[in-house]
Amino acid sequence: MKVPFVSFIPLEQELNNELHEAFERVLSSSWYIEGEEDKRFEQSFAGYIGTKYCIGCGNGLDALMLALKAFGTGKGDEVILPANTFIATALAVTYVGARPVLTDADPQTFNIDPNLIEQSITDRTKVIMPVHLYGQPCDMDPIMDIAHRHGIRVIEDCAQAHGAEYKGRRVGTFGDASGFSFYPGKNLGALGDAGAAVTDDEETAAKIRALGNYGSDIKYHHIYQGHNSRLDELQAAFLSAKLTILDRVNEERRRLADKYNELITNPDIVLPFVPDYAEPVWHVFGIRCPDQGYRNDLESYLKEKEIGTNKHYPIPIHLQDCYRDLRYKSGDFPGAELIAKTELSLPMYYGMSDEQIGYVADTLNSF
């Protein structure tokens, strides 16, 4: 049996008519940027997340970058973020001229360890940027407590966590602003690049929108040195169609994750840990192996059995060539390095069959 790591086909077949209608609607309107489709999606997504404002932009990295700029983050400032995340989180900080300050991850949850954040705070710390990695919510109460006590902004990176909940409340509603990615592989994915920032603050929302529109509040009047990062009408229309079934998509991913947890019995494999406070949406189902050699051998074995896998993320940010200037070294973040050496992501997508889940589990158990 062949099991790809991800497939968009089942979801897109189910929404075939709605996606074609969305395309025809935009085409017939002859309006492609900042139109009614964009407004409709922004209002719907803000309502879904539980925030007052949503500002569509070009991608998830831009959403974080624009939020940072809206809070005046720049040269001389520091932003605390996890050492275990996709590089876009750090790049957003770099793009505004600030310095990424890395904090280690908890190998159980793969997320930033709140107990280590405070020791990274200096008089230059402007923002804490927790990442809800793999669709697993961070422990937000202690993070927000630290931020409030020190007068620091919080920007949530929700790029992988559309609809995930922390203590019954959706992520993206805790910080001063939050960024989402709608890259096609996300639980809510466009048919191209797209992103959004959300916030409850009207002034912040207006500034993010202006910054993403060449720094303009009204046409040809530029109050900031801005960027061109807007959600186009076509992607907004596709996203609106997909948003209608996002809860069902997430619930199915939870069911598939439950099946994995029930069927995988290989004692050498560490299954994902879900804290009591978390309701994840399983953007990634990541297992851990005893060591790097076992992980690599298992990866090869699964490939032979036609099972797709991925590694999130095999080189931590502090060991990436592009961040040598941060002067971190191997051993500085043991949690993140352990995850990088031992994590393996299993197939997880809407439309997977129980037979496929069973085949993956049986193959893992026989290794």
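The values are calculated or read from the model by the stated rules, or taken from the named source; none is laboratory data. Worth saying up front: this structure is predicted, and the values here are computed from it rather than measured. All Cβ positions, even for glycine, are placed from backbone atoms using ideal geometry, and neighbour counts span all protein chains on display. Areas reflect the complete protein model, heavy atoms only, side chains present, ligands, DNA and RNA absent. Shrake-Rupley method; radii C 1.70, N 1.55, O 1.52, S 1.80 Å.
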(request) Report relative contact order for the range 66-139 in percent, whole number only (criteria: Cα-Cα under 8 Å, sequence separation at least 6). (result) 36
(request) Measure out, as a whole number of angstrom, how far apart the alpha-carbon centroids of the range 72-141 and the range 177-247 sit. (result) 22
(message) How much length would be gained if the chain were fully extended between Asp247 and Met144, taking 0.36 nm per residue of separation minus their Cα-Cα distance, in nm to one decimal?
(response) 34.4 nm
(request) Assign one of three labels to the range 85-139, namely rounded, prolate or oblate, based on the Cα gyration tensor with a ≥ b ≥ c the square roots of its eigenvalues; rounded applies when a/c is under 1.5, prolate when it is not and a/b is larger than b/c, and oblate otherwise. (result) oblate
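By how many nm would the segment from Asp354 to Leu91 lengthen if fully extended, with 0.36 nm per residue of separation less the alpha-carbon distance?
Values: separation 263, 0.36 × 263 = 94.68 nm, distance 3.85 nm.
Taking Asp354 through Leu91 to full extension adds about 90.8 nm, to one decimal.
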(request) If a/c stays under 1.5 just call it rounded; otherwise compare a/b with b/c (prolate if a/b is bigger, oblate if not). Do that for the range 225-367, with a ≥ b ≥ c from the square roots of the Cα gyration tensor eigenvalues. (result) oblate
(message) Explain nothing, just compute: Karplus ³J(HN,Hα) = 6.51 cos²θ - 1.76 cosθ + 1.60, θ = phi - 60°, for every residue of the range 183-194 in order, whole Hz, x for Gly and Pro.
(response) 3, x, x, 6, 4, 10, x, 7, 9, x, 7, 6
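Could you give the length gained on full extension between His222 and Lys52, defined as 0.36 nm per residue of separation minus the Cα-Cα distance, in nm? Write down the numbers at each step before the final one.
Values: separation 170, 0.36 × 170 = 61.20 nm, distance 2.49 nm.
Full extension of this stretch gives 58.7 nm more.
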(message) Using amide H atoms built in the peptide plane, which far-off residues or other-chain residues are under 5 Å from Val3 H to H?
(response) Ile307, Gly308
(request) Would you pull out the residues with amide H under 5 Å of Asp217's amide H, same chain only if 5 or more places away, H placed 1.01 Å from N? (result) Ile223
(request) Sort all Cα-Cα distances of the range 182-243 into consecutive 10 angstrom bins from zero, then give the percent of pairs in each bin up to the one containing the longest distance. (result) 22, 41, 32, 5
(message) Which lysines, if any, have their Cα less than 27 Å from the Cα of Lys167, not counting same-chain residues under 8 positions apart?
(response) Lys52, Lys126, Lys186, Lys242, Lys259
(message) What does the charge count around Phe182 come to, taking other residues whose C-beta lies under 11 Å from its C-beta (Lys +1, Arg +1, Asp -1, Glu -1)?
(response) +1
(request) Would you mind getting the accessible area per residue of the chain, heavy atoms of the protein chains only, 1.4 Å probe, in Å²? (result) 43
(request) Could you run the Debye sum over the Cα atoms of the range 1-114, one equal point scatterer each and no solvent, and tell me log10 of I(q)/I(0) at q = 0.21 Å⁻¹, two decimals? (result) -1.15
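Scan the range 269-367 for trypsin sites (Lys or Arg not before Pro) in coil per DSSP, keeping those whose Cβ has at most 13 other Cβ atoms within 10 Å, and list them by number.
Numbers: sites: Arg288, Arg295, Lys303, Lys305, Lys311, Arg324, Arg327, Lys329, Lys341; in loops: Lys305, Lys311, Arg327, Lys329.
Within the range 269-367, the qualifying trypsin sites (Lys or Arg not before Pro) (loop, at most 13 other Cβ atoms within 10 Å) are Arg327, Lys329.
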(request) Could you pull out every residue, at least 5 positions away or on a different chain, whose amide H is within less than 5 Å of the one on Ala164? Hs are placed 1.01 Å off N in the peptide plane, and Pro or chain starts have none. (result) Val171
(request) Starting from the Cα of Ser330, step 7 Å along the direction of its Cβ; do the same at Gln43; then give the gap between the two resulting points in nm. (result) 5.6
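Return the calculated 222 nm mean residue ellipticity for the chain, to the nearest 500 deg cm²/dmol, obtained by summing -39500 (n - 2.57) across DSSP H runs with n ≥ 4 and dividing by the residue count.
Values: 12 runs with 137 residues, N = 367.
Result for the chain, helices only: -11500 deg cm²/dmol.
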(request) Read phi for every residue in the range 109-117 and hand back ³J(HN,Hα) as whole Hz from Karplus 6.51 cos²θ - 1.76 cosθ + 1.60, θ = phi - 60°, with x for Gly and Pro. (result) 9, 6, 9, 4, 8, x, 5, 9, 5
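For Tyr277 and Glu304, what is the calculated FRET efficiency with R₀ set at 30 Å and r taken between the beta-carbons, to the nearest 0.05?
Values: r = 39 Å, r/R0 = 1.30.
The value I calculate is 0.15.
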(request) Please tell me the relative contact order of the chain in percent, rounded to the nearest whole number, where contacts are Cα pairs under 8 Å and at least six residues apart. (result) 23
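In whole percent, and with a 1.4 Å probe on the protein chains, what portion of the accessible area of the range 1-114 is carbon and sulfur? Show your work: numbers first, answer last.
On the way: 2760 of 4990 Å².
Its accessible area is 55 percent carbon and sulfur atoms.
May I ask you to give the average projected area over all directions of the convex hull of the Cα atoms of the chain, in nm² rounded to one decimal?
On the way: hull surface 72.4 nm².
Across all orientations, the chain yields a mean hull projection of 18.1 nm².
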(message) Taking the square root of 5 times each eigenvalue of the Cα gyration tensor, what semi-axes in Å does the equivalent ellipsoid of the range 142-185 have, largest first?
(response) 22, 12, 6
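Quick one: compute the contact order of the range 171-251, relative version, from alpha carbon pairs under 8 angstrom and 6+ residues apart, as a percent. Intermediate results must be reported in sequence, preceding the final value.
On the way: 103 pairs, mean separation 20.2, N = 81.
RCO, the range 171-251: 25 percent.
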(request) For the range 281-341, would you read off the P(r) tail past 16 Å as a percentage of all alpha carbon pairs? (result) 54
